[in-house]
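The values are calculated or read from the model by the stated rules, or taken from the named source; none is laboratory data. Remember, it's a predicted structure, so these values are computed and weren't measured experimentally. Here the Cβ positions follow ideal geometry from the backbone for every residue, glycine too, while neighbour counts run over all protein chains shown.
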Amino acid sequence: MIRFVNVTLVYPYVQRTIFENLSFDVPEGEFVLVMGDTGAGKSTLLKLMNGLVPHHTGGIFSGTITVDGHDTALHKPRDLVDVIAIVGQNPALGFVTDTVEEELVFGMESLGVAPDVMRKRVEDMLDLLALAPLRNRKLSSLSGGEAQRVAIASVLTMNPKILLLDEPTSALDPIAAEEVLATLSRLVHDLGITVVIAEHKLERVLQFVDRVIYVREERSVAVGLPHEIFKDSELAPPIIQLSRALSNKQVPLTVRDARRQLSEFASSLRPIDRLDTSKEQDESAPLLQIENLTVKYGSKTALKNISLTVKTGEIVAIMGRNGAGKSTLLTSMVGIREFDTGSILVARQDPRKLKGKALISLVGFVPQEASDLLYAQSVGEELRNSDSDNLVASGTTSELFAQLLPGIDSSVHPRDLSEGERLSLVLAIVLANKPPLLVLDEPTRGLDYQAKKRLVSAVRSTVTSESAVILASHDVELVAELATRVVVLAEGEVVADGPAADILTSSPAFAPQVAKVLAPAKWLTVNEVLASLERE
Amino acid sequence: MTDVKTLHPLAWWGWGICLAIASSRAQGVGALGLIIIAASTVAFSRKSNDPWSAALVIGIKISLVALTLRMFIAILFGVPGQGKVLFTIPRVRLPEWMAGILLGGDVTLERIRFVFTESLTIFALIIAIAAASSLANPKQTLRTLPGILHEAGVALIIATTLIPHFAMSVRRIRQARTLRGDQQRFGFKKTLVPLFEESLEHALVLAESMEARGYGRNPSRKVSSAPAVMLLLGLVALLFALLQLVIGASFQLPLLASALLVVSGLIIGNKQNLRTRYRPIPWRRNETFVMISSIVLIVISGFTTNSMVALALLVLTLTPLLVTSREVNPS
């Protein structure tokens, strides 16, 4: 269906080759995963497939790519929309019209589809992607998962044979992600569409995948069946890491595989004994006190009567659906959002009343779009600005940055950094003040396993007996690795609050893979299991 | 959506343009006042809460400012003339180089009345157009355009969404400034540079998405550029002919010829264009009724005002009220 023959891509003015002599074949009707480190070229590979690269971006291209028999060098992407369709990383930015129904017909109108066929297809797509209740909704009012489904529907109405998706679940909560992926899998099975998906969160997609394209750092690309690729790939989801660590010969691709293969091991495992930290924490002072917080947007209540106390030494993860009020809660506690009733005290001070240096030396906040905090023209300038903004000795921030991420050229423009590199830069700037409370909103969007590992160790090292970390995240594996306590929000209310191990293992949506494999024992991560084995 | 009784967007525009023509023909302050009141009544009672409805209030504000300014200038700058002197403003001596301009002097009733009628005409023109633009949904108006103009229209609509996007980005960037401990409210480098960078990035994403959704594609392979050339030439010629009219030259023939060129360009272009339309907006009897009454309005507006003419003007301007109902916003 998609054939690459000796494809080489070079961008002008750049030394390195993006792809060299790439040849592979994707058969019809498969669910294909493109994986690789951040910045390895996954998005570029997807855009090569439908011709956006190099037609839209420029670049020097040699070789041939054919999709369903059409040479992409001879056809513009707009002429191939009924063959190959792409949904970008942030679908909301790509919406052209303003209501769901209009968005679905936009492509068909330019294709010249007959009006009665259009009406039929719109109804079909509304049913297939469960969008019927949303048909008259404004696109700006959709949640992340809904927007993603609308974006998929809006290209599917053009009846493409191949669907490309760039990180479709990176902004979604575990349940919405599951829904989107299940829908995609249904397209492959029921309609015979070839789906190619680039994704970092392997644990979410692996169960659906027929074939893997592995874009490695050294510009070489491996294509193969999942169990071949995952035999020795550097990137691997937790179940495969666990299975490898236990020197299991088979490669488990689903939780069910892993449960079967490791059932003997699971029963031989000693029950977990976690250090009871609650007593220790009872004595530590409360750092953040929220009482009866209520936030309203017009007539909609975003947060209802939230009370929450966070003590020093804690790493608290806030979880919940898209739109449950996580970001509202975080922005309220860092003092950049007004609220109606209730009080928030950080180290006995109201963050809303603080400004400038006083605010940022009390709370450090990394927003969802971390790059918002960056405005300089180079990394070096950014680091120097941070020193002067924060009134710290010059060189402090760059030292911190070098610890977080060594070897970055300081003349690079911040926007040319990869997502993970930019996050490290922002983290260094925020941490330069040593704020007692560090707040992170969705820090793992677009991060690969390596970058996540660096983030985990960076966050762990900042937590001392005088500070605490609060993060909102959809990434259950990260939360399992990092958090000591989990707070679950639903519809603006706290519905669960407790030690990470209890909360994460009690609901299937939030359970990390290791917990699912070794249930009912409350293991959360591979490292935990291995550490316990070592002690024996 | 469909049970909401409003008019076809082109019917609203037709009504507005007819009102504008009628008010330029109308005789006297009374007729103009009636048109203004009736048009605002229709617009206020039928407008929705959508953003474009703000056009009405903006239009009224602009025309009020224009009216006041015009009257003020008319009183302040004396023009020597005959008539009943209302009051006299002491004349100010102006320096030599401003000879010919008179500041102050006698203010006559005739002059005030003339200027007031003139400004009221402009007032009515602005209100008529503002009423139409606050009543017709711009997106739906775009959908009624001939297919050949559709792409330019999409680009225009996207351009209009830029301002709200900017406002949102600026708010986010400001928050980010606070989070970096910056207390300065506005800085060129710290606000505008990130704003432009972000807008450029978004524009690229949108362009990519539109390209990948078939924007700019023509399903028929044999497309000649002749209709587009005809359209452009026609528009340029039309503009030229209109300018000639403004400076007073009689240029009826070129005007007609260029209009013909534009229309035929549209027709030929549309035949080539195979773009289809999802659920086109219907043109019903209601729309035809409003259009006919608006044309009658133009005819009647030329008569000297008496009570019968005034009544007819009022009723004809208000006809859209008979065939529409208040729009209920599905939210």
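Brief remarks follow.
- Looking only at the stretch B:229-246, and only at residues there that are in contact with a helix residue (DSSP H, G or I) (Cβ under 9 Å, 6 or more places away or on another chain) and modelled with pLDDT under 80, the one that is surrounded by the most Cβ atoms within 10 Å (Cβ to Cβ): B:Ala241
- Listed by first and then second residue, the pairs with beta-carbon distance under 9 Å, at least 6 apart or on different chains, first residue in the stretch A:452-466 and on the phi > 0 side of the Ramachandran plot and assigned by TED's automatic domain parsing to the domain that holds A:Val430, second surrounded by 17 or more Cβ atoms within 10 Å (Cβ to Cβ) and assigned to a helix (DSSP H, G or I), form an empty list.
- Some residue of the stretch B:210-226 being part of a helix (DSSP H, G or I), modelled with pLDDT of 80 or more, within 11 Å of chain A (Cβ to nearest Cβ) and crowded, with 18+ Cβ neighbours inside 10 Å: yes
- Screening the candidates A:Leu329, A:Leu287, A:Leu308 for the property of being more than 14 Å from chain B (Cβ to nearest Cβ) and assigned to a helix (DSSP H, G or I) yields one hit, A:Leu329.
- Top-ranked residue in the stretch B:263-276 [being touching a Gly at 6+ places or on another chain (Cβ under 7 Å) and surrounded by fewer than 19 Cβ atoms within 10 Å (Cβ to Cβ); ranked as nearest to A:Val117 (Cα to Cα)]: B:Leu274
- Flag for A:Ala171 being out of contact with any Ser or Thr (no Cβ under 6 Å at 6 or more places or on another chain) and at pLDDT 90 or above: no
- Condition check for B:Arg279: outside any helix (DSSP H, G or I), modelled with pLDDT of 80 or more, out of contact with any Phe, Trp or Tyr (no Cβ under 8 Å at 6 or more places or on another chain) and surrounded by 14 or more Cβ atoms within 10 Å (Cβ to Cβ): yes
- Count of residues meeting criterion [buried (at least 18 other Cβ atoms within 10 Å of the Cβ) and at pLDDT 90 or above] in the stretch A:124-136: 4
- Residue within the stretch A:448-458 that is among the charged types (D, E, K, R) and touching a His at 6+ places or on another chain (Cβ under 9 Å) present: yes
- In the stretch A:416-449, the residues that are of a type in the set (D, E, K, R) and under 26 Å from A:Lys357 (Cα atoms): A:Glu421, A:Arg422, A:Lys434, A:Asp441, A:Glu442
- Breaking point among (1) part of a loop (DSSP other than H, G, I, E, B); (2) within 27 Å of A:Val34 (Cα to Cα); (3) within 12 Å of chain B (Cβ to nearest Cβ), for A:Ile408: (3)
- A:Gly58 falls short on exactly one of the conditions (1) at the interface with another protein chain (Cβ under 10 Å from one of its Cβ atoms); (2) in contact (Cβ under 8 Å) with a residue 40 or more places away in the chain; (3) in a loop (DSSP other than H, G, I, E, B), and that condition is (1).
- B:Lys190 meets each of the listed conditions (1) at pLDDT 80 or above; (2) surrounded by 12 or more Cβ atoms within 10 Å (Cβ to Cβ); (3) of a type in the set (D, E, K, R) apart from (1).
- Hits in the stretch A:349-391 (condition: touching a residue at least 24 places away in the same chain (Cβ under 8 Å) and more than 11 Å from chain B (Cβ to nearest Cβ)): A:Ser378, A:Val379, A:Gly380, A:Leu383, A:Asp387
- Which numbered condition A:Ala151 fails, given (1) in contact (Cβ under 8 Å) with a residue 60 or more places away in the chain; (2) more than 9 Å from chain B (Cβ to nearest Cβ); (3) within 22 Å of A:Thr194 (Cβ to Cβ): (2)
- Selection count, the stretch B:176-208, where residues are facing chain A (nearest Cβ under 10 Å) and either in contact with a strand residue (DSSP E or B) (Cβ under 9 Å, 6 or more places away or on another chain) or hydroxyl-bearing (Ser, Thr, Tyr) (or both): 4
- Residue match in the stretch A:74-84 (condition: crowded, with 22+ Cβ neighbours inside 10 Å, more than 8 Å from chain B (Cβ to nearest Cβ), at pLDDT 90 or above and within 26 Å of B:Thr160 (Cα to Cα)): no
- Any hit, the stretch A:109-123, residues being surrounded by 16 or more Cβ atoms within 10 Å (Cβ to Cβ) and more than 9 Å from chain B (Cβ to nearest Cβ): yes
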